[in-house]
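Notes for the one structure printed next.
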Amino acid sequence: MADLEKGTTTTTTSGVDHRPYADNGSAAYRNSPTTPVRTNIANPGTLGLFSFASTTLILSLYNTSARGVNTPNVVVGMALFCGGLVQLLAGMWEFAKGNTFGATAFSSYGAFWLSYATILIPGSGISDAFTDVPSQEPNAIGIFLMTWMTVTFLLFIASLRKNIGFIALFFFLTFTFMCLGAGNFVVASAPHASAGLIKAGGALGIITALIAYYVGLSELLASERAAVVGLPIGVFKHD
């Protein structure tokens, strides 16, 4: 059982806990949303959030046709390794820290990016399977994205007692998936009419990525003993 669960600490005669990553009374450490159990394992929250934010930002810029880019295949590498593998590893470390929410979120979105990248890899044969009926592919991708909208909405519900940063992140991400999923459904019947929904999803994705960067930086600064600044994320006080 973790020290936090036992209600005990390791102190010296000065009354200060000198173990690595001990909170030493730091309000930022105690309020860290992805560090509910005190251990010597570093907080993987920032790694997962930065990886998620970077991959989401790149794809979202493509979805808004930034710099005239409409083909998202360059994101495959990021989706496989940064958004996929790194987030999955962050999720595994969250399990080790006893954080069910962080472990579920990071592992789930790591799997999302790995699966999305697989769809875009020509050698996977996924797109080739729709050659005879091309309209089925956008419908299939739409169902894929709407399923992830559902997962995200469930995480949004779980985040309601976490902090404002996570609430905003999952709120915007839910609508990002909704717009992108709806946009793909429209592609199946009227390709040109889908541009607005896809771009809206891209814009919401950019907002989501920026929020994830902010929350991740807040986590990073909270883990430092002498951070240059602290970034508030609206942690709720629980009885």
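Go through the stretch 185-226 and report how many residues are over 24 Å from the mean Cα position of the chain (by Cα) and aliphatic (A, V, I, L, M).
7
Six or more apart or on different chains, Cβ under 6 Å: which pairs go from a residue in the stretch 123-148 that's closer than 14 Å to residue 184 by Cα to one that's assigned to a helix (DSSP H, G or I) and of a type in the set (S, T, N, Q)? Could you list them?
138/184; 141/184; 142/184
Take the stretch 124-153 and flag every residue that is of a type in the set (S, T, N, Q), over 30 Å from residue 39 (Cα atoms) and within 17 Å of the chain's Cα centre (by Cα).
The answer is 147, 150.
Whether any residue in the stretch 105-123 is open to solvent by 50 Å² or more (accessible area, probe 1.4 Å), within 17 Å of the chain's Cα centre (by Cα) and closer than 30 Å to residue 233 by Cα is what I want to check.
Within the stretch 105-123, one or more residues are open to solvent by 50 Å² or more (accessible area, probe 1.4 Å), within 17 Å of the chain's Cα centre (by Cα) and closer than 30 Å to residue 233 by Cα.
Residue under question is residue 144, and the condition is that it be under 25 Å from residue 219 (Cα atoms) and of a type in the set (Phe, Trp, Tyr); does it hold?
Spelling it out, it is not the case that residue 144 is under 25 Å from residue 219 (Cα atoms) and of a type in the set (Phe, Trp, Tyr).
Any residue at all in the stretch 87-105 that is at pLDDT 95 or above and within 27 Å of residue 196 (Cα to Cα)?
no
Any residue in the stretch 54-74 that is over 21 Å from residue 197 (Cα atoms) and either over 20 Å from the mean Cα position of the chain (by Cα) or touching a residue at least 60 places away in the same chain (Cβ under 8 Å) (or both)?
The answer is yes, given that some residue of the stretch 54-74 is over 21 Å from residue 197 (Cα atoms) and either over 20 Å from the mean Cα position of the chain (by Cα) or touching a residue at least 60 places away in the same chain (Cβ under 8 Å) (or both).
If the requirement is being touching a Ser or Thr at 6+ places or on another chain (Cβ under 7 Å) and under 21 Å from residue 177 (Cα atoms), which of these qualifies: 83, 110?
Step by step, each of 83, 110 is checked, and only 83 is touching a Ser or Thr at 6+ places or on another chain (Cβ under 7 Å) and under 21 Å from residue 177 (Cα atoms).
Here are the criteria: (1) basic (Lys, Arg); (2) in contact (Cβ under 8 Å) with a residue 24 or more places away in the chain; (3) closer than 26 Å to residue 99 by Cα. Tell me which single one residue 237 does not satisfy.
The single condition residue 237 does not satisfy is (2).
Can you work out which of the residues in the stretch 45-74 that are of a type outside the set (A, V, I, L, M, F, W, C) and part of a loop (DSSP other than H, G, I, E, B) is most open to solvent (accessible area, probe 1.4 Å)?
70
Looking at the stretch 124-134, which of the residues that are among the aliphatic types (A, V, I, L, M) and surrounded by fewer than 15 Cβ atoms within 10 Å (Cβ to Cβ) is modelled with the highest pLDDT?
129
The values are calculated or read from the model by the stated rules, or taken from the named source; none is laboratory data. The model shown is predicted, which means the values in this text are computed figures rather than measured ones. In this analysis, Cβ positions are derived from the backbone assuming ideal geometry, glycine residues included, and neighbour counts consider all displayed protein chains. Only protein heavy atoms, including side chains, enter the accessible area calculation; ligands, DNA and RNA are left aside. Shrake-Rupley method; radii C 1.70, N 1.55, O 1.52, S 1.80 Å.
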